[in-house]
Amino acid sequence: MMQAFTHYLTGGDENRFLTLAVLFSLTGHILLFTLSHVLTTSGYKPHKTPRSIDVDLMQTELPPPQPSKESVQAKSSAKPATPSTSAPSKKATRKKTAKKVTPPAAKSFTGKRPTKRKQRVITPDELVQNALQKMAKETSKKEPLSHRLNRLKKEVADRKAPETVGANDGAATGQPTAVQMSIKERYYRTIEVIIRKNWAFPTQMASSKTQLKTQIIFTVMPDGSVRDVWVSLRSGNANFDRSALSAVHKSTPLPPYPAGITDQKIPFVIDFDVSELL
Amino acid sequence: MKKTYRIIVQTLLLMAFLLSGTPSQAEDRVQLRVTNPFENKTPVAVPAFHIAAASDHEKELATQAVTLLQETLAFTGYFRMVNPEAFLEAPSQTGITEQDIHFDRWRSSGAELLVTGSLTVSGQAIIGDFYLYDIFRQKSLFGVRLRGAGSPDENLRPLILKLADKIMVTYSGKHGFFGSRIAFVSKGSSTPKEIWTCDFDGYKPAQLTRNKAITLTPAWSPDGSKIAYTSYVNDKPDIFVQGAWPGARRDIVTAKGTTNITPAWLPDGQMMAASLTIEGDQAIYLLTQKGKIRKRLTRKWGKWGIDVSPVFSPSGDRMAFVSKRSGSPQIYIKNLNNGRIERLTFDGKYNTSPAWSPTGDQMAYAGFKDGHFDIHVMDVRGGRPMQLTLGTGDNETPSWSPDGSLIVFSSTRKGKSSIYVMNAYGTDQRQLVSLPGEQTAPVWSSNLNQ
């Protein structure tokens, strides 16, 4: 058959013209495809904060490696001595602080300095004191960091366990089964919830007249790291766009794919909007 | 001819490769939707400022500066201060400029924005360098050097308020209200009601009038330089005006009628309106600042026609006022171009103290229902009012911040009346001043010196 094809192309003079036409058309198409490919990929990265988000999963969840004693004193506030006050229990503290109402900013008429107000500010002396106390606690108690690591590991293991059961039957055939679909669906919902919880925006800034809507595009890798985050639709309110972008960045890394999802990457598009104002 | 064949095969292969290798945007993206943010404030980190020389005085100033900045930003209702215990880096030690900031360390603090600063006190001047960073976009939003000449203790507050305004402009695109003031009526235990003023956050309350007679209903001139009010200096209510600083001279505006009350300024700052009884009934008149009557603004409405409390829309084309023409006090709006008057409030039997929002589309007022006054807000085109206070004693005389984000009002929630502030949706209600005696009738000025 190939020979017939060759013969047809290289055949008699009457076919020359046709051959040339086919060649011309082919090169034209190739040019068009290559061009469009090059153009779309180069126009595909308008965001300015590229790969820095691909940090280790433990980074946001856990404090940095054990600092030396000197640095503990220098910035004792950073030291996670008790789980309730430190960064790792991020969600818990976030919830707490979100509910906190600004203390009544009552002023005394003697015109005292605003330091009188209730906002808690730590003085350097207190910092040193705190640090010393925390160090004392640490030496007496077990290292909470390893504790937490173990707990986290256990949590992850617990979470994965039930899903691996139903996951294998679909993965083998390569065709998504109903179980796989629901695993995906659940993973998407989880991502939605995480991002919403990390979204902070004062809704009173949105005037009731204008509808604010922004769209963020990003790609989630199997390990939960997030790539290529950018605003694909701006709201017209730069602060609103910033808050949505921060919500995605704050949520990274996302949980890794649960067993059963075999994709190499999952691209997302999220609409952020404010509704039912007033 | 083999060559041609090979070329064609190659091109076909290339095409197949290109088609299969088109980038990911061709794939379907998973679509999610997130409606309404979980948190209603932007978390901000304000770590301690760097100080050049570590004198005790400088340390004290730097601490004050951080506290004041935190309080001022929190006061707007837009920001939440992140607990310093979550900070993994101390810019006061490691540096405040962009190359010194490790954004990845700040990510875990929960903050989205970071303010760093350094203060230098040299003799009679204070110099501050400040930066605002977007932690997640990992970039500086501004860097600014602010100077205050004169006593560092006195210049710290204006300097930090200037910084707060710079942050607000960067954050929201609009100026804050950190140059605004609030006037109110205060009655001591043995002294009559007089007018006082304080800063937007309740700072430095000071007595403005010393009339030794009942003085009521302060009204700021649009530029914030003067305050008009009603006072019984001459044993009957007359209207006066005086400069908005203690010890300023008092000038009479009008004493023409038997009662002259509730003055208001037109947005141009030239003309005023007030409720006078010069033709037998209490009606609203347009006046010059010298008290010359230009026009009667509300017509005679029988013996029930009491019209008081005029207030003008920001553009000056409409006037809201309280009238008893329908039997009970209600708020009406008069279109000054065509003279048409429409009733705004229908909910409840007693609605007073209208306050037009600076954005022009909302009206705040005090409405009496179930035995108490409460602050309400409604669209100036009508519709259903939104009640902002509930079950906290009497809440009266609302007034908007210059940017329309906050409302100041008086409340008897702790027994005696005092001044409170809340955001325009009724949340974050807190006491503004704590003075002996009773405070009522707060009014917010425009944003001055900006």
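No value in this document is a laboratory result; all are computed from the given coordinates. On a predicted model such as this, the values are computed, not experimentally measured, just so you know. Every residue, glycine among them, receives a Cβ derived from its backbone with ideal geometry; neighbour counts consider all protein chains shown.
Some observations on this one:
- Long-range amide H partners of residue B:406 with built H, under 5 Å: B:401, B:424
- Distance between the 7 Å Cα→Cβ label points at residue B:6 and residue A:33: 2.1 nm.
- Look at the stretch B:39-45: the mean tally of other chain Cβ atoms within 10 Å of its residues' Cβ atoms is 6.
- Spin-label pair residue B:270-residue B:392: with each label point 7 Å from Cα along the Cα-Cβ axis, the two points sit 4.1 nm from one another.
- Residue among B:429, B:439, B:270 with the largest mean-square fluctuation in a Gaussian network model of chain B, springs linking Cα atoms under 10 Å: B:270
- Potential lengthening of the chain between residue B:98 and residue B:293 amounts to 64.1 nm, from the contour at 0.36 nm per residue minus the alpha-carbon distance.
- Averaged over the residues of A:262-270, the number of partner chain Cβ atoms lying within 10 Å of the residue Cβ comes to 3.
- Take each residue of peptide B:400-407, count the partner chain Cβ atoms within 10 Å of its Cβ, and average: the result is 1.
- Once the Cα-Cα distance is subtracted from the 0.36 nm per residue extended length, the residue A:265 to residue A:188 segment shows a gain of 26.4 nm.
- Listed cross-link partners B:212/B:236; B:187/B:324; B:226/B:290; B:212/B:414; A:197/B:41; B:349/B:369 are compared with a 19 Å cut-off, the Cα-Cα value being larger for B:187/B:324; B:212/B:414.
- Ranked by the mean number of other Cβ atoms within 10 Å of their residues, highest first, the peptides B:317-328, A:238-249, B:334-345 fall in the order A:238-249, B:317-328, B:334-345.
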